[in-house]
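A.B. asks: What follows is a single structure, and I will ask about it in a moment.
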Amino acid sequence: MLGMFCIRACSGLVGRWTATCVRSLHVFPGITVDQIDEEVSKLLQLKAQLGGNDGKNQFVLKTPKGTRDYNPKQMAIREKVFNTIVGCFKRHGAETIDTPVFELKETLTGKYGEDSKLIYDLKDQGGELLALRYDLTVPFARYLAMNKITNIKRYHIAKVYRRDNPAMTRGRYREFYQCDFDIAGQYDAMIPDAECLKIVHEILSELDLGDFRIKVNDRRILDGMFAVCGVPDDKFRTICSTVDKLDKMPWEEVKKEMVNEKGLSEEAADQIGEYVSMQGGMDLAERLLQDQKMSQSKLACAGLSDIKLLFTYLQLFQVTDKVVFDLSLARGLDYYTGIIYEAVLTQAGVAPVTTEAQNGAAAEESVSVGSVAGGGRYDGLVGMFDPKGRKVPCVGVSIGIERVFSIMEQKAEASTEKIRTTEVQIMVASAQKNLLEEKLKLVTELWNAGIKAEVMYKKNPKLLSQLQHCEESGIPLVAILGEQELKDGVVKLRVVATREEVDISRAALIDEVWRRTSAA
């Protein structure tokens, strides 16, 4: 019905139906903007197939929903963030691997709880049912089991795919990068777990995104809490998924979902509500160990003892100022078995800026990204893939890199600092005509010495245009050649920022460029 309505509204003219559909929101309140966007997209595709008035095919020039392009300035910001993260991973002794962007569908199914519906299925490919990877953790577990690896500290940065409802301005996409750090192997309790939290603390501090906190909990504490509150065993995971929504929904709505949709008794929900409101540190763990109900659960007591040990190590790592033991933290993924954690920004983003929403309309929205990192312990996941069920204990963390980019990009927009999109150290320029061959000789000498250099692709460019290019691109130095310089065996070296010029002998130019740019 909606499609027929939009077709009638546009009367075959694409230029009129957008306004008509928008006006229809008031006439047909049941119609959402997303529905209209979908119909508009269908009509654009139909128009492209039918062709324009001139008989040529018309293409719809847009990225798919939940994806985006990145311009050179945005890529420069991304590269800086990646370098910071990889530097931290390497500082902690990690090596890297890579896995296919798609996996056998059976590898991924049954690992993500209620989020399994977000997996992108692929059509049958030569007898294999495939799906795009949802995260990097399950492929990592498959890799360990397949290669019989029992000890590794690895990082992996790659794209993952989720058939989610995207929120582009908040860094929520259907195609996005994950930056994972994981420690696999049998080690003493809580030492690797504490190092993962130390890594999150280092990365968020170095990126200077704003104030943050790292919430920690334990799946065993949650399961013990559910048990003593009267949650049936078969409802543990589904109630856990509901508790996981507390960062997005108020308790009353979460309770309503537990009772009305999940079939939990109101009494059990109220008892859960008392516990999930608790936050603290080692003192809270000690208090809960003495709690009349929680102390009855061996599972919960084991988790609380590990929380106490974790905070002991975190004190030694000097990160307890940002870590809080939060019983509302659940993390909905099914494969977690112990410690879980999540890093959230605790202050508002930068000032609102106008961004380009995915439907092409301007939208004004401040950065509101919520969680920027998360992870936990998953000791049983590798055993799910091993033919003999052999387990490899694992703990890891994933940095929500796209959400970090959203903040960094808007901070850059608000800043007056110019972002360089190239690393060129010096431009080879000419002051007179007919010096192209000499410029090419000099730029070759610079390239051969490992210096990042550039020359204009014109035989006789004007000196002013060459200097303007340097200023616009942020190139710090210019090597100017002229007939007199060639006779004297020198190069006129110009500092773009100060416009200072000095004659440098051709033989000393390379060392001088390195000296002046090594600190930059």
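A.B. asks: Can you name the residue in region 436-464 that is among the polar types (S, T, N, Q) and part of a helix (DSSP H, G or I) and is also surrounded by the fewest Cβ atoms within 10 Å (Cβ to Cβ) among such residues?
C.D. replies: Looking at residues that are among the polar types (S, T, N, Q) and part of a helix (DSSP H, G or I), I get ASN448.
A.B. asks: Continuing with this model, one more query. Can you name the condition, by its number, that TYR112 falls short on among (1) open to solvent by less than 30 Å² (accessible area, probe 1.4 Å); (2) under 18 Å from ASP180 (Cα atoms); (3) in contact with a strand residue (DSSP E or B) (Cβ under 8 Å, 6 or more places away or on another chain)?
C.D. replies: Every condition holds for TYR112 apart from (3).
A.B. asks: Still on this structure, please answer the following. Yes or no: region 472-488 includes at least one residue that is assigned to a strand (DSSP E or B), among the aliphatic types (A, V, I, L, M) and open to solvent by 30 Å² or more (accessible area, probe 1.4 Å).
C.D. replies: Scanning region 472-488 turns up no residue that is assigned to a strand (DSSP E or B), among the aliphatic types (A, V, I, L, M) and open to solvent by 30 Å² or more (accessible area, probe 1.4 Å).
A.B. asks: Which count do you get for residues in region 266-285 that are surrounded by 16 or more Cβ atoms within 10 Å (Cβ to Cβ) and either modelled with pLDDT under 90 or in a helix (DSSP H, G or I) (or both)?
C.D. replies: 10
A.B. asks: Here is a follow-up. Are any residues in region 378-425 part of a helix (DSSP H, G or I) and among the acidic types (Asp, Glu), and if so, which ones?
C.D. replies: Across region 378-425, the qualifying residues are GLU402, GLU409, GLU413.
A.B. asks: Next up: Sort out which residues of region 44-74 are surrounded by 12 or more Cβ atoms within 10 Å (Cβ to Cβ), modelled with pLDDT of 85 or more and not in a loop (DSSP other than H, G, I, E, B), and write them in order of number.
C.D. replies: LYS73, GLN74
A.B. asks: Would you please list the contacts, defined by Cβ atoms under 7 Å and residues six or more apart or on different chains, that run from a residue in region 444-456 that is in contact (Cβ under 8 Å) with a residue 12 or more places away in the chain and small (Gly, Ala, Ser) to a residue that is assigned to a loop (DSSP other than H, G, I, E, B) and buried (at least 17 other Cβ atoms within 10 Å of the Cβ)?
C.D. replies: Within 7 Å, the pairs are ALA453/VAL424; ALA453/GLN425.
A.B. asks: Is it true that VAL243 is closer than 18 Å to ILE340 by Cβ, open to solvent by less than 10 Å² (accessible area, probe 1.4 Å) and free of Cβ contacts under 8 Å to residues at least 24 places away in the same chain?
C.D. replies: For VAL243, the condition - closer than 18 Å to ILE340 by Cβ, open to solvent by less than 10 Å² (accessible area, probe 1.4 Å) and free of Cβ contacts under 8 Å to residues at least 24 places away in the same chain - is not met.
A.B. asks: Here's another thing I want to ask about it. Quick check on my filter: what residues within region 270-323 are small (Gly, Ala, Ser) and without any contact (Cβ under 8 Å) to a residue 40 or more places away in the chain?
C.D. replies: GLY273, SER295, SER305 - these are the residues of region 270-323 that are small (Gly, Ala, Ser) and without any contact (Cβ under 8 Å) to a residue 40 or more places away in the chain.
The values are calculated or read from the model by the stated rules, or taken from the named source; none is laboratory data. The structure presented is a predicted model; accordingly, all values stated were derived computationally and were not measured. Every residue, glycine among them, receives a Cβ derived from its backbone with ideal geometry; neighbour counts consider all protein chains shown. Surface areas here come from the heavy atoms of the whole protein model, side chains and all, with no ligands, DNA or RNA. Shrake-Rupley method; radii C 1.70, N 1.55, O 1.52, S 1.80 Å.
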